[in-house]
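A quick write-up on the structure given underneath.
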Amino acid sequence: MRTNLLESTRIVASQEQVSCNLGVEAAILNLKNGIYYRLNPIGARVWDLIQSPRSFVEIRDILIDEYDVDPARLESDIRDLLNRLADNQLVEISG
Amino acid sequence: MIDSGACEPAVVTNASRHVYGVYGIALYSEIPLPLPLHEQGELAQIELRTAPASFFSDAIRGIPLERASGSWYEFARLPDRSSYARWRTVGEFLVFGDGRRIVCRPFDMASAESFYVYLLAQALSFALVKSGFEPLHATVVVVNGNGVAFLGDSGFGKSSLAACFLDAGHQLLTDDLLLLQACSSGVLAYPGPPRIKLRATTARRFLGDVLAGGRMNPESDKLIFRLDGKRSCFTPVPVKAVYSLAGPQEVVRKEQIRSEPLPPRQSFLELVKNTFNRRILDADRLERQLHETARLVSLVPVRKLSYPRVWRQLPSVREAIICDLQQVLEPAVCGH
């Protein structure tokens, strides 16, 4: 299900997961269902950022600052990633 | 119901007449086992006892058994965190919640060798995981004092490749279950039972006149071969590399032997995929598995090994691995 992520929407990693860094990538284990997920380097950076609650606009602005990519494309990719994390109960979204 | 919380520490009871060493564990057993006697410092103590059929039927009364479709293996989680498992025609096992005691019963039709295999791998894996270890499904050979582990599903050729190493005078550390422990100098692999499971044709080719102890189970064509002290290593060795074997279907017959390093993400997945025990799924265990596996990835190189499944190629695969190891240990060797 697609969540409408506003600029002010706050996102934080769920309590019911554990994760680890694998070089520049990351693995997440959903403790509710025992399923592993992997994140590419940019996904791993997003994951790192949402270890404490952040607004969508904060995440977007930090990444635009760090990566040399088209801002519109980056924003779309972040939305996509956060929605997939939400679909798999790996993040909590509020506001 | 069994009260594992009230279970006394598994230091020898009167019933534990034998003390063996396997996987770095001191196994206090009521029954004799084909294992070396326990001699050195151990990672944990586990007690093994036998019980009559009524003990098991009482323990699982009213508890549904899980069974995969077509499988001859049944499993139950008991409310006190004990685990029950049984393999048709082999035996049944109950592992206490703290992992310090296994109660077992061989079925009448089971051969002793087959029972030992399931006891010392499948059943013991429950006790190891409950005791805080993360066993892998792997076969390990010893090359110049270093362990080389082969990962892969059943039928991928781990044991056949290991037998080819034995043929060249190397030793087997373990076949099936691998227990690893990080230490100051790296990662140590611990010795398993001195036996290997092979098809008769593979054994004839690589082991010569070693006598088979019996079938692994009635549905398998693999036989169990006990190994002598020359062919088995009884001390922990440092692990220098882990090879994940490509499945036979992934490799075409004329393909070259290929060994390539796996990136950390892929290494992690290969190791998690090859856990020995997929039944214990509580959050504490899963969390530990994640962190232990990530740690292992950071300490030991994991490589993907592809080779055609042709008999005469196995010695070349062995030599390629030995050359690979020299590169891992001494980058100047082998022309790199």
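The values are calculated or read from the model by the stated rules, or taken from the named source; none is laboratory data. As the structure is a prediction and not an experimental result, all values here were calculated from the model. Here the Cβ is made from the backbone with ideal geometry for all residues, glycine too, and neighbour counts use every protein chain on show.
As an exercise: evaluate A:Glu75 against (1) touching a strand residue (DSSP E or B) at 6+ places or on another chain (Cβ under 7 Å); (2) buried (at least 16 other Cβ atoms within 10 Å of the Cβ) and give the number of the one condition it does not meet.
(1)
Among the residues of the range B:295-305 satisfying the criterion of being over 24 Å from B:Ala121 (Cα atoms) and in contact with a strand residue (DSSP E or B) (Cβ under 8 Å, 6 or more places away or on another chain), which is farthest from the other protein chains (Cβ to nearest Cβ)? First the steps, then the outcome.
Of the range B:295-305, the ones over 24 Å from B:Ala121 (Cα atoms) are B:298-299, B:301, B:303-305.
Subsequent filtering for residues that are in contact with a strand residue (DSSP E or B) (Cβ under 8 Å, 6 or more places away or on another chain) retains B:299, B:301, B:303-305.
Details: B:Leu299: 13, B:Pro301: 13, B:Arg303: 16, B:Lys304: 16, B:Leu305: 21 Å.
Checking each candidate, the answer is B:Leu305.
Do we have B:Thr139 as in contact (Cβ under 8 Å) with a residue 24 or more places away in the chain, over 19 Å from B:Val242 (Cβ atoms) and out of contact with any His (no Cβ under 6 Å at 6 or more places or on another chain) here? Before you say what the answer is, go through the steps one by one.
On the way: in contact (Cβ under 8 Å) with a residue 24 or more places away in the chain: yes; over 19 Å from B:Val242 (Cβ atoms): no; out of contact with any His (no Cβ under 6 Å at 6 or more places or on another chain): yes.
Against the criterion (in contact (Cβ under 8 Å) with a residue 24 or more places away in the chain, over 19 Å from B:Val242 (Cβ atoms) and out of contact with any His (no Cβ under 6 Å at 6 or more places or on another chain)), B:Thr139 does not qualify.
So which residues in the range A:25-35 are within 8 Å of chain B (Cβ to nearest Cβ) and either surrounded by 15 or more Cβ atoms within 10 Å (Cβ to Cβ) or within 20 Å of B:Pro264 (Cβ to Cβ) (or both), if there are any at all? Walk me through how you get there before you give the answer.
Let us first name the residues in the range A:25-35 that are within 8 Å of chain B (Cβ to nearest Cβ), namely A:25, A:27, A:29, A:31, A:34.
The answer is A:Glu25, A:Ala27, A:Leu29, A:Leu31.
So which residues in the range B:94-111 are surrounded by fewer than 21 Cβ atoms within 10 Å (Cβ to Cβ), in a loop (DSSP other than H, G, I, E, B) and not aliphatic (A, V, I, L, M)?
Here is the first cut: in the range B:94-111, the residues surrounded by fewer than 21 Cβ atoms within 10 Å (Cβ to Cβ) are B:97-98, B:105-111.
Checking the rest, the ones that are also in a loop (DSSP other than H, G, I, E, B) come to B:97-98, B:107-111.
Across the range B:94-111, the qualifying residues are B:Gly97, B:Asp98, B:Phe107, B:Asp108, B:Ser111.
Just for the range B:242-275: of the residues that are farther than 22 Å from B:Leu173 by Cβ and part of a strand (DSSP E or B), which one is nearest to the other protein chains (Cβ to nearest Cβ)?
B:Pro261
Within the range A:79-94, does at least one residue satisfy the condition of being within 14 Å of chain B (Cβ to nearest Cβ), in contact (Cβ under 8 Å) with a residue 40 or more places away in the chain, in a strand (DSSP E or B) and among the hydrophobic types (A, V, I, L, M, F, W, C)?
The answer is no, given that none of the residues of the range A:79-94 is within 14 Å of chain B (Cβ to nearest Cβ), in contact (Cβ under 8 Å) with a residue 40 or more places away in the chain, in a strand (DSSP E or B) and among the hydrophobic types (A, V, I, L, M, F, W, C).
Out of the residues in the range B:204-221 meeting the condition of being touching a residue at least 40 places away in the same chain (Cβ under 8 Å) and within 19 Å of the chain's Cα centre (by Cα), tell me which one is farthest from B:Asp108 (Cα to Cα). Steps first, answer last, please.
In the first step, residues of the range B:204-221 are kept if they are touching a residue at least 40 places away in the same chain (Cβ under 8 Å); the result is B:205-207, B:213-219.
Filter once more, so that each one left must be within 19 Å of the chain's Cα centre (by Cα): B:213-217.
Values: B:Gly213: 17, B:Gly214: 15, B:Arg215: 15, B:Met216: 15, B:Asn217: 14 Å.
Here the answer is B:Gly213.
Looking at the range A:36-51, is at least one residue facing chain B (nearest Cβ under 9 Å), touching a Pro at 6+ places or on another chain (Cβ under 7 Å) and either closer than 19 Å to B:Ser298 by Cα or among the acidic types (Asp, Glu) (or both)?
No; the residues of the range A:36-51 include none that is facing chain B (nearest Cβ under 9 Å), touching a Pro at 6+ places or on another chain (Cβ under 7 Å) and either closer than 19 Å to B:Ser298 by Cα or among the acidic types (Asp, Glu) (or both).
Name the residue that is nearest to the chain's Cα centre (by Cα), counting only residues in the range A:43-63 that are closer than 24 Å to A:Cys20 by Cα and among the β-branched types (Val, Ile, Thr). Reasoning before the result, please.
First, pick out the residues of the range A:43-63 that are closer than 24 Å to A:Cys20 by Cα: A:43-56, A:58-60, A:62-63.
Next, from what is left, pick out any that are among the β-branched types (Val, Ile, Thr): A:46, A:50, A:59, A:62.
Working: A:Val46: 5, A:Ile50: 6, A:Ile59: 9, A:Ile62: 13 Å.
Step by step, filter the range A:43-63, then rank; the result is A:Val46.
Looking only at the range B:276-287, count every residue that is more than 7 Å from chain A (Cβ to nearest Cβ) and either in a loop (DSSP other than H, G, I, E, B) or at pLDDT 95 or above (or both) and tell me the total.
As a first pass, look at the range B:276-287 and keep what is more than 7 Å from chain A (Cβ to nearest Cβ): B:276-280, B:282, B:284-285.
Subset that is either in a loop (DSSP other than H, G, I, E, B) or at pLDDT 95 or above (or both): B:276-280, B:282.
Counting residues in the range B:276-287 that are more than 7 Å from chain A (Cβ to nearest Cβ) and either in a loop (DSSP other than H, G, I, E, B) or at pLDDT 95 or above (or both) gives 6.
Looking at the range B:22-71, which of the residues that are hydroxyl-bearing (Ser, Thr, Tyr) and outside any helix (DSSP H, G or I) is farthest from the chain's Cα centre (by Cα)?
The first filter runs over the range B:22-71 and keeps only residues hydroxyl-bearing (Ser, Thr, Tyr), leaving B:23, B:28-29, B:50, B:54, B:57, B:69, B:71.
From the residues that got through so far, the ones that are outside any helix (DSSP H, G or I) too are B:23, B:28-29, B:50, B:69, B:71.
Working: B:Tyr23: 9, B:Tyr28: 19, B:Ser29: 19, B:Thr50: 22, B:Ser69: 24, B:Ser71: 20 Å.
Restricting to residues being hydroxyl-bearing (Ser, Thr, Tyr) and outside any helix (DSSP H, G or I), the top hit is B:Ser69.
Of everything in the range A:1-24 that's part of a strand (DSSP E or B) and touching a residue at least 60 places away in the same chain (Cβ under 8 Å), which residue is nearest to the other protein chains (Cβ to nearest Cβ)? Break it down stepwise before answering.
Taking the range A:1-24 and keeping what is part of a strand (DSSP E or B), we get A:10-13, A:17-22.
Checking which are touching a residue at least 60 places away in the same chain (Cβ under 8 Å) leaves us with A:10-13, A:17.
Numbers: A:Arg10: 25, A:Ile11: 22, A:Val12: 19, A:Ala13: 14, A:Gln17: 9 Å.
Ranking the candidates gives A:Gln17 first.
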